[in-house]
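For reference, the structure is listed below as structure tokens.
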Amino acid sequence: MPDSALPSGIELTPLNDAFRDNPYDVLATLREKAPIYEDTDLKRFIYTRHDDVKAILRDKDYWSDPRKAKPGTFTYEILGGELDKGQEHSMLLMDEPNHRRLRSLVSHSFTPAAVEKWRPRTKAVVERILAQVIEANPDGEFDLIKDFAGPIPTVVIAEMLGIDAAMHNDFKAWSDTSVVTAFNPFATEAQKDAGNIANEKLNQLFQGEIEKRRTHPGKDLISDMVHAEESGDTLSEQEIITQANLLLVAGNVTTTDLIGNCTKALLDNPSQLEKLRARPALIANTIEEALRFDSPVIDSGRIANTDINIGGCPVGKGESLSTSLAAANHDPETYPNPEAFDIERTDTHHQSFGGGRHLCLGSHLARLEAQEAIWALIARFPNLRHGASGLEYHAIPTFRGMSTFSVQW
């Protein structure tokens, strides 16, 4: 319930300096003093206990479409409740039956088996980018984000979509610009204008690629989506474009942040880094622990579909339910010694990919990319350490990661 002594509004987003640098102390205070917290500034209820977050995300009846939220609430105002009723959101913000229909048409391309086929290509991309890092930085210091973690997911996704290599630089530039506004309700007018231009460029690119695949399909995701069929149903051109953009925007920044956050956790915990070097089989567990310890997505949410009561706190129909993934992942009632980064932790479950019907479709791809990137990085650079230029976290709401991160090899 409201508590004037606790932070609220912008103070609980990466737009606040203290929260951006270390959200975990703030969230721990909320979890201890007000685990169900009414943020009256942004009109939302924030949940910080692991079990509450898990239950909300897995409840099939709660809504995700922001147009169903009560006007004035966080979800309605921030996520586009004012959109025309006939306009459709991306799958991320869809409800049934539209969500089930669209997901069934694209999900076969994101199963563990389907994604695993991309491991050799991903490994090749990582090695190519590492070679470029070495060539461009003979003094041994480089920006892990700009030079390594940033390019990897964009290039991998471009190759999966079948985008010509000659377009990769433009593809990355447009996607980077689009990300700044895609999940940032507080973007400046200049950022919005640049984002609109970038989105238009991407849409034009995808339209051209879709047209090519109709007559000349290949072994790529756009071809898969163009020719996808489920019980006679197919995807429209706009649905393919929207899904391609979602994969690009959501998969770009989150995987970059996962690689960056995991690298930082390893460098900050040298005993864990040495343990991983000695036992490469721990790489999968390392990525899971990094996802729990410093999740690239720090919050998610739903909309109450009826009057509800969680933990003795009544919430009205249409209210915003903000689930703090970061707080849930550090709940001491669920994780022993949650502030420790432990790559041998036996309970590797976490809330970082959400849950229920909106469990992240790209979760297997993110894991694969991070595994290949982290292992190649530490294997190639046995003396990897923090660089002299330091690091800085970006200020993109919902995401946690660095805009710059200097390392020395």
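The values are calculated or read from the model by the stated rules, or taken from the named source; none is laboratory data. What you see is a predicted model, and the numbers here were worked out from it, not measured in a lab. Methodologically, a virtual Cβ is constructed for each residue, glycine included, from the backbone with ideal geometry; neighbour enumeration extends over all protein chains shown. Side chains included, ligands, DNA and RNA excluded: accessible areas come from the protein's heavy atoms. Shrake-Rupley method; radii C 1.70, N 1.55, O 1.52, S 1.80 Å.
Does region 340-357 include one or more residues that are under 26 Å from I152 (Cα atoms), touching a residue at least 40 places away in the same chain (Cβ under 8 Å) and part of a helix (DSSP H, G or I)?
no
Please go through region 266-288 and give me each residue that is in contact (Cβ under 8 Å) with a residue 12 or more places away in the chain, out of contact with any Leu (no Cβ under 9 Å at 6 or more places or on another chain), within 20 Å of L144 (Cα to Cα) and part of a helix (DSSP H, G or I), ordered by number.
Those that are in contact (Cβ under 8 Å) with a residue 12 or more places away in the chain, out of contact with any Leu (no Cβ under 9 Å at 6 or more places or on another chain), within 20 Å of L144 (Cα to Cα) and part of a helix (DSSP H, G or I): D268, R277.
Step by step: first the residues of region 219-238, then only those that are loosely packed, with under 12 Cβ neighbours inside 10 Å and part of a loop (DSSP other than H, G, I, E, B), then the one that is modelled with the lowest pLDDT. Which residue is that?
My answer is S231.
What single numbered condition from (1) modelled with pLDDT under 95; (2) surrounded by 16 or more Cβ atoms within 10 Å (Cβ to Cβ) fails to hold for E369?
(1)
Tell me which helices (runs of 4 or more DSSP H) are completely within region 94-207 and hold 1 or more residues being of a type in the set (S, T, N, Q), or say none if there are none.
It comes to 98-106, 119-136, 151-161, 168-182.
Pairs please, first residue from region 196-215 and more than 18 Å from A173 (Cα to Cα) and of a type outside the set (D, E), second anywhere and open to solvent by 50 Å² or more (accessible area, probe 1.4 Å) and at pLDDT 90 or above, Cβ atoms under 6 Å, 6+ apart in sequence or on different chains.
Final answer for the pair search is I210/E237.
So which residues in region 209-218 are open to solvent by less than 20 Å² (accessible area, probe 1.4 Å) and out of contact with any Ser or Thr (no Cβ under 8 Å at 6 or more places or on another chain), if there are any at all?
Residues satisfying the conditions are E209, I210.
Would you call G80 surrounded by fewer than 20 Cβ atoms within 10 Å (Cβ to Cβ), more than 19 Å from C313 (Cα to Cα) and touching a Pro at 6+ places or on another chain (Cβ under 9 Å)?
Here the answer is yes, as G80 does meet what is asked.
Can you give me the number of residues within region 377-397 that are assigned to a strand (DSSP E or B) and hydrophobic (A, V, I, L, M, F, W, C)?
2
Could you tell me which of the residues D268, D331 is charged (D, E, K, R), modelled with pLDDT of 95 or more and within 17 Å of L30 (Cβ to Cβ)?
Exactly one of D268, D331 is charged (D, E, K, R), modelled with pLDDT of 95 or more and within 17 Å of L30 (Cβ to Cβ), namely D331.
Give region 294-347 a look and list any residue that's closer than 24 Å to V249 by Cα, open to solvent by 20 Å² or more (accessible area, probe 1.4 Å) and aliphatic (A, V, I, L, M), or say none.
V297
If you go through region 377-393, how many residues are under 22 Å from the mean Cα position of the chain (by Cα) and surrounded by 19 or more Cβ atoms within 10 Å (Cβ to Cβ)?
Total meeting the criteria: 2.
Only one of L105, L161, L144, L93 is surrounded by 17 or more Cβ atoms within 10 Å (Cβ to Cβ) and in contact with a Pro (Cβ under 7 Å, 6 or more places away or on another chain); which?
Exactly one of L105, L161, L144, L93 is surrounded by 17 or more Cβ atoms within 10 Å (Cβ to Cβ) and in contact with a Pro (Cβ under 7 Å, 6 or more places away or on another chain), namely L93.
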